Amino acid sequence: MAVTVNTLKEMKQSGEKFTCLTSYDATFAQVVSSTGVEVILIGDSLGMVLQGNDSTLPVTLEDMTYHTQCVSNGNQGALLMADMPFMSYATPAQAMESAAALMQSGAHMVKLEGGDWLCETIRLLSERGIPTCAHLGLTPQTVNKMGGYKVQGRLDDQANKMVSDAIALAIAGADVILLECVPAHLAEKITQSVDIPVIGIGAGNKTDGQVLVIHDMLGVTSGHRPKFVKNFLEGNSSISAAIENYITDVKSGAFPSEEHTFK
Ligand SMILES: Nc1nc(=O)c2c([nH]1)NC[C@@H]1CN(c3ccc(C(=O)N[C@@H](CCC(=O)O)C(=O)O)cc3)CN21
Ligand SMILES: CC(C)C(=O)C(=O)O
Ligand SMILES: [Mg+2]
(Lines give C-alpha, C1' and ligand atoms only; values in the text may rest on other atoms or scores of the structure.)
(Ligands and ions follow the chains in the order given, each with its own letter.)
Protein backbone atom coordinates (compact mmCIF):
# COMPACT_ATOMS: atom_id res chain seq x y z
CA MET A 1 0.00 0.00 0.00
CA ALA A 2 1.25 3.47 -0.82
CA VAL A 3 2.88 5.47 1.96
CA THR A 4 1.14 8.75 2.81
CA VAL A 5 1.62 11.54 5.35
CA ASN A 6 -0.79 9.59 7.59
CA THR A 7 1.45 6.49 7.49
CA LEU A 8 4.38 8.56 8.79
CA LYS A 9 2.27 10.13 11.55
CA GLU A 10 1.01 6.70 12.63
CA MET A 11 4.58 5.38 12.67
CA LYS A 12 5.68 8.27 14.89
CA GLN A 13 2.79 7.56 17.28
CA SER A 14 3.54 3.83 17.45
CA GLY A 15 7.30 4.40 17.79
CA GLU A 16 8.27 2.54 14.60
CA LYS A 17 11.18 4.25 12.85
CA PHE A 18 10.90 4.93 9.12
CA THR A 19 13.52 5.28 6.42
CA CYS A 20 14.21 7.70 3.60
CA LEU A 21 16.82 7.56 0.84
CA THR A 22 17.45 9.87 -2.06
CA SER A 23 16.87 8.74 -5.63
CA TYR A 24 17.25 10.72 -8.82
CA ASP A 25 16.20 8.22 -11.48
CA ALA A 26 13.54 5.58 -12.20
CA THR A 27 15.76 2.51 -11.73
CA PHE A 28 16.97 3.46 -8.24
CA ALA A 29 13.47 4.60 -7.30
CA GLN A 30 12.17 1.15 -8.29
CA VAL A 31 14.79 -0.68 -6.16
CA VAL A 32 14.56 1.68 -3.16
CA SER A 33 10.75 1.71 -3.00
CA SER A 34 10.28 -2.02 -3.60
CA THR A 35 12.79 -2.81 -0.83
CA GLY A 36 10.49 -1.03 1.62
CA VAL A 37 11.96 2.43 2.15
CA GLU A 38 8.97 4.60 3.12
CA VAL A 39 10.11 7.96 1.70
CA ILE A 40 12.18 8.80 -1.38
CA LEU A 41 13.79 12.24 -1.40
CA ILE A 42 14.49 13.77 -4.78
CA GLY A 43 17.22 15.88 -3.22
CA ASP A 44 18.89 18.97 -4.60
CA SER A 45 22.04 17.08 -3.54
CA LEU A 46 21.81 15.98 -7.19
CA GLY A 47 23.64 19.22 -7.95
CA MET A 48 26.65 17.73 -6.16
CA VAL A 49 26.35 13.97 -6.71
CA LEU A 50 25.03 13.98 -10.30
CA GLN A 51 26.20 17.34 -11.66
CA GLY A 52 29.54 17.64 -9.85
CA ASN A 53 29.01 21.13 -8.46
CA ASP A 54 30.52 22.03 -5.08
CA SER A 55 27.17 23.16 -3.64
CA THR A 56 23.44 22.74 -4.28
CA LEU A 57 23.01 26.38 -5.41
CA PRO A 58 23.25 25.80 -9.20
CA VAL A 59 20.27 23.40 -9.21
CA THR A 60 17.25 24.75 -11.12
CA LEU A 61 13.53 24.08 -10.80
CA GLU A 62 13.74 22.43 -14.23
CA ASP A 63 16.44 20.03 -12.95
CA MET A 64 14.16 19.16 -10.03
CA THR A 65 11.03 18.60 -12.12
CA TYR A 66 12.99 16.41 -14.57
CA HIS A 67 14.38 14.14 -11.83
CA THR A 68 11.06 14.08 -9.94
CA GLN A 69 9.35 12.80 -13.09
CA CYS A 70 12.08 10.14 -13.54
CA VAL A 71 11.70 8.96 -9.93
CA SER A 72 7.91 9.00 -10.16
CA ASN A 73 8.05 6.72 -13.19
CA GLY A 74 9.94 4.03 -11.23
CA ASN A 75 8.32 4.46 -7.82
CA GLN A 76 6.49 1.53 -6.19
CA GLY A 77 4.48 3.13 -3.40
CA ALA A 78 7.01 5.29 -1.55
CA LEU A 79 6.09 8.83 -0.53
CA LEU A 80 7.95 11.14 -2.93
CA MET A 81 9.42 14.29 -1.38
CA ALA A 82 11.06 16.80 -3.71
CA ASP A 83 13.44 19.57 -2.70
CA MET A 84 12.49 23.10 -3.64
CA PRO A 85 15.77 24.38 -5.15
CA PHE A 86 17.72 27.50 -4.12
CA MET A 87 15.73 30.74 -4.62
CA SER A 88 12.61 28.99 -5.94
CA TYR A 89 10.66 30.00 -2.78
CA ALA A 90 12.06 33.47 -2.09
CA THR A 91 8.50 34.84 -1.87
CA PRO A 92 5.25 33.02 -1.02
CA ALA A 93 3.93 33.62 -4.55
CA GLN A 94 7.06 32.14 -6.12
CA ALA A 95 6.84 29.20 -3.74
CA MET A 96 3.27 28.42 -4.89
CA GLU A 97 4.39 28.25 -8.54
CA SER A 98 7.52 26.22 -7.81
CA ALA A 99 5.65 23.75 -5.60
CA ALA A 100 2.94 23.35 -8.25
CA ALA A 101 5.58 22.39 -10.83
CA LEU A 102 7.07 19.75 -8.51
CA MET A 103 3.66 18.31 -7.56
CA GLN A 104 2.68 18.12 -11.24
CA SER A 105 5.91 16.20 -11.88
CA GLY A 106 4.87 13.51 -9.39
CA ALA A 107 5.99 14.74 -5.95
CA HIS A 108 3.70 14.08 -2.97
CA MET A 109 5.42 16.61 -0.71
CA VAL A 110 7.92 19.45 -1.09
CA LYS A 111 10.85 20.29 1.19
CA LEU A 112 11.99 23.84 1.97
CA GLU A 113 15.06 24.95 3.92
CA GLY A 114 14.51 27.56 6.60
CA GLY A 115 13.12 28.52 9.99
CA ASP A 116 10.13 30.51 11.19
CA TRP A 117 10.35 32.94 8.24
CA LEU A 118 8.84 30.08 6.18
CA CYS A 119 5.65 29.92 8.26
CA GLU A 120 3.56 32.04 5.91
CA THR A 121 4.69 30.05 2.84
CA ILE A 122 4.02 26.74 4.59
CA ARG A 123 0.57 27.92 5.70
CA LEU A 124 -0.34 28.90 2.12
CA LEU A 125 0.98 25.64 0.64
CA SER A 126 -0.85 23.64 3.28
CA GLU A 127 -4.12 25.44 2.59
CA ARG A 128 -3.70 24.62 -1.09
CA GLY A 129 -3.23 20.91 -0.41
CA ILE A 130 0.54 20.68 -0.67
CA PRO A 131 2.27 18.76 2.15
CA THR A 132 5.56 20.28 3.27
CA CYS A 133 8.75 19.28 5.05
CA ALA A 134 10.68 22.07 6.78
CA HIS A 135 14.47 21.47 6.75
CA LEU A 136 16.32 22.91 9.79
CA GLY A 137 19.88 22.80 11.11
CA LEU A 138 22.56 22.57 8.41
CA THR A 139 20.72 23.99 5.41
CA PRO A 140 23.04 23.50 2.41
CA GLN A 141 21.39 26.28 0.35
CA THR A 142 22.70 28.79 2.94
CA VAL A 143 26.26 27.38 2.97
CA ASN A 144 27.66 30.80 2.05
CA LYS A 145 26.01 32.43 5.08
CA MET A 146 26.95 29.56 7.40
CA GLY A 147 30.58 29.69 6.20
CA GLY A 148 30.74 25.98 5.44
CA TYR A 149 28.99 22.67 6.08
CA LYS A 150 29.07 22.81 9.88
CA VAL A 151 27.08 21.31 12.72
CA GLN A 152 24.29 23.72 13.77
CA GLY A 153 22.64 24.30 17.15
CA ARG A 154 25.64 23.89 19.43
CA LEU A 155 25.15 27.28 21.11
CA ASP A 156 22.22 27.63 23.51
CA ASP A 157 20.65 30.55 21.60
CA GLN A 158 20.80 28.63 18.30
CA ALA A 159 19.41 25.49 19.90
CA ASN A 160 16.48 27.31 21.53
CA LYS A 161 15.69 29.05 18.24
CA MET A 162 15.66 25.70 16.43
CA VAL A 163 13.17 24.26 18.93
CA SER A 164 10.86 27.28 18.66
CA ASP A 165 11.17 27.31 14.83
CA ALA A 166 10.17 23.64 14.67
CA ILE A 167 7.12 24.26 16.87
CA ALA A 168 6.11 27.34 14.83
CA LEU A 169 6.49 25.46 11.52
CA ALA A 170 4.40 22.55 12.82
CA ILE A 171 1.67 24.98 13.89
CA ALA A 172 1.84 26.67 10.45
CA GLY A 173 1.00 23.31 8.85
CA ALA A 174 4.31 21.55 8.12
CA ASP A 175 3.78 17.79 7.89
CA VAL A 176 7.40 16.75 8.51
CA ILE A 177 10.55 18.34 9.97
CA LEU A 178 14.01 17.36 8.72
CA LEU A 179 17.06 18.02 10.91
CA GLU A 180 20.54 17.96 9.36
CA CYS A 181 23.80 17.95 11.35
CA VAL A 182 22.55 18.87 14.82
CA PRO A 183 23.66 17.45 18.17
CA ALA A 184 21.74 14.28 19.08
CA HIS A 185 20.32 15.70 22.33
CA LEU A 186 18.83 18.70 20.46
CA ALA A 187 17.30 16.48 17.75
CA GLU A 188 15.75 14.32 20.48
CA LYS A 189 14.29 17.40 22.18
CA ILE A 190 12.77 18.68 18.92
CA THR A 191 11.37 15.21 18.11
CA GLN A 192 9.59 15.21 21.48
CA SER A 193 8.41 18.83 21.11
CA VAL A 194 6.33 18.36 17.92
CA ASP A 195 3.69 15.77 17.04
CA ILE A 196 4.71 15.67 13.37
CA PRO A 197 7.39 13.17 12.22
CA VAL A 198 11.03 14.30 12.38
CA ILE A 199 13.62 12.90 9.94
CA GLY A 200 17.30 13.14 10.83
CA ILE A 201 20.62 13.09 8.98
CA GLY A 202 23.60 13.52 11.27
CA ALA A 203 21.07 14.10 14.07
CA GLY A 204 21.42 10.95 16.18
CA ASN A 205 19.14 7.92 16.47
CA LYS A 206 16.26 9.46 18.45
CA THR A 207 14.44 11.08 15.51
CA ASP A 208 11.38 9.35 14.01
CA GLY A 209 13.09 8.62 10.70
CA GLN A 210 16.51 8.70 9.01
CA VAL A 211 17.67 9.83 5.59
CA LEU A 212 20.89 9.33 3.61
CA VAL A 213 22.03 10.15 0.09
CA ILE A 214 21.91 6.83 -1.78
CA HIS A 215 25.42 7.26 -3.22
CA ASP A 216 26.80 7.73 0.32
CA MET A 217 25.19 4.58 1.72
CA LEU A 218 26.49 2.59 -1.26
CA GLY A 219 30.04 3.86 -0.72
CA VAL A 220 30.33 5.85 -3.93
CA THR A 221 30.86 9.26 -2.31
CA SER A 222 33.66 11.18 -4.01
CA GLY A 223 35.69 13.65 -1.97
CA HIS A 224 34.96 14.42 1.70
CA ARG A 225 32.69 11.92 3.42
CA PRO A 226 30.57 13.48 6.21
CA LYS A 227 30.74 11.86 9.67
CA PHE A 228 27.10 10.68 9.53
CA VAL A 229 27.66 8.51 6.42
CA LYS A 230 27.83 4.71 6.64
CA ASN A 231 28.64 2.43 3.71
CA PHE A 232 25.96 -0.28 3.85
CA LEU A 233 27.28 -2.07 0.74
CA GLU A 234 30.23 -3.25 2.85
CA GLY A 235 29.43 -6.82 3.88
CA ASN A 236 26.44 -7.01 1.55
CA SER A 237 26.54 -8.54 -1.92
CA SER A 238 23.89 -6.44 -3.67
CA ILE A 239 22.36 -2.99 -3.60
CA SER A 240 19.00 -4.30 -2.42
CA ALA A 241 20.72 -6.23 0.42
CA ALA A 242 22.50 -3.01 1.45
CA ILE A 243 19.19 -1.14 1.49
CA GLU A 244 17.54 -3.96 3.51
CA ASN A 245 20.40 -3.74 6.00
CA TYR A 246 19.92 0.04 6.27
CA ILE A 247 16.19 -0.45 6.95
CA THR A 248 16.90 -3.10 9.63
CA ASP A 249 19.51 -0.91 11.35
CA VAL A 250 17.30 2.20 11.35
CA LYS A 251 14.28 0.28 12.69
CA SER A 252 16.37 -1.26 15.50
CA GLY A 253 18.12 2.01 16.35
CA ALA A 254 21.54 0.51 15.51
CA PHE A 255 22.06 3.20 12.85
CA PRO A 256 23.15 5.89 13.41
CA SER A 257 25.53 4.80 16.17
CA GLU A 258 27.89 7.05 18.20
CA GLU A 259 30.49 7.18 15.42
CA HIS A 260 27.90 8.67 13.02
CA THR A 261 26.49 11.15 15.55
CA PHE A 262 27.41 14.69 16.65
CA LYS A 263 27.48 15.57 20.35
N1 LIG B 1 26.88 13.15 -1.14
C2 LIG B 1 26.20 14.03 -0.42
N3 LIG B 1 25.75 13.68 0.80
C4 LIG B 1 25.05 14.57 1.56
O5 LIG B 1 24.63 14.19 2.69
C6 LIG B 1 24.81 15.87 1.04
C7 LIG B 1 25.27 16.18 -0.24
N8 LIG B 1 25.99 15.26 -0.94
N9 LIG B 1 25.03 17.39 -0.82
C10 LIG B 1 24.08 18.28 -0.19
C11 LIG B 1 24.23 18.24 1.26
C12 LIG B 1 25.56 18.75 1.78
N13 LIG B 1 25.72 17.99 2.97
C14 LIG B 1 26.82 18.00 3.82
C15 LIG B 1 28.09 18.20 3.31
C16 LIG B 1 29.19 18.17 4.16
C17 LIG B 1 29.02 17.97 5.52
C18 LIG B 1 30.22 17.94 6.42
O19 LIG B 1 31.32 17.80 5.96
N20 LIG B 1 30.04 18.05 7.73
C21 LIG B 1 31.13 17.96 8.69
C22 LIG B 1 30.69 18.62 9.98
C23 LIG B 1 31.90 19.12 10.76
C24 LIG B 1 31.51 19.80 12.06
O25 LIG B 1 30.93 20.89 12.04
O26 LIG B 1 31.84 19.19 13.11
C27 LIG B 1 31.49 16.50 8.93
O28 LIG B 1 32.64 16.20 9.20
O29 LIG B 1 30.57 15.63 8.84
C30 LIG B 1 27.75 17.79 6.02
C31 LIG B 1 26.65 17.80 5.17
C32 LIG B 1 24.63 17.06 3.14
N33 LIG B 1 24.16 16.87 1.78
C1 LIG C 1 20.77 15.58 2.46
C2 LIG C 1 19.30 15.63 2.23
C3 LIG C 1 18.53 15.86 3.50
C4 LIG C 1 18.93 16.65 1.17
O5 LIG C 1 18.35 17.68 1.41
C6 LIG C 1 19.34 16.35 -0.20
O7 LIG C 1 19.68 15.20 -0.51
O8 LIG C 1 19.31 17.28 -1.01
MG1 LIG D 1 18.53 19.08 -0.18
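The values are calculated or read from the model by the stated rules, or taken from the named source; none is laboratory data. From a predicted model like this one, the values you see are computed outputs, not experimental measurements. In this analysis, Cβ positions are derived from the backbone assuming ideal geometry, glycine residues included, and neighbour counts consider all displayed protein chains. Note: areas computed on protein heavy atoms with side chains; ligands, DNA, RNA excluded. Shrake-Rupley method; radii C 1.70, N 1.55, O 1.52, S 1.80 Å.
Over 23 Å apart at the Cα level, from the set Lys206/Lys230; Lys9/Lys227; Lys12/Lys227; Lys189/Lys263; Lys17/Lys161; Lys12/Lys251, are Lys9/Lys227; Lys12/Lys227; Lys17/Lys161. For the peptides 191-204, 225-238, the ranking by mean Cβ contacts within 10 Å, running from highest to lowest, is 191-204, 225-238.
By DSSP, the beta bridges lying fully in the chain are antiparallel in about 0 percent of cases. Going by Cα centres, the range 95-138 and the range 214-238 are how many Å apart? When both Cα centres are located, 29 Å separates them. Note on Gln13 and Ser237: the extension gain reaches 77.2 nm, defined as 0.36 nm multiplied by sequence separation minus the Cα-Cα distance.
Pull out a ≥ b ≥ c, the square roots of the eigenvalues of the alpha-carbon gyration tensor of the chain, then state rounded if a/c is under 1.5, prolate if not and a/b is larger than b/c, and oblate in the remaining case. Rounded.
Would you work out what percent of the accessible area of the range 1-46, with all protein chains in place, is carbon or sulfur (probe 1.4 Å)? That share works out to 54 percent. Per-peptide packing, taken as the mean over residues of other Cβ atoms within 10 Å, places 14-22, 216-224 in the sequence 14-22, 216-224 from highest down.
Would you calculate a helix-derived [θ] at 222 nm for the chain, using -39,500 (n - 2.57) for each DSSP H run of n ≥ 4 and dividing by the full residue count, to the nearest 500?
Rounded to the nearest 500, it is -12000 deg cm²/dmol.
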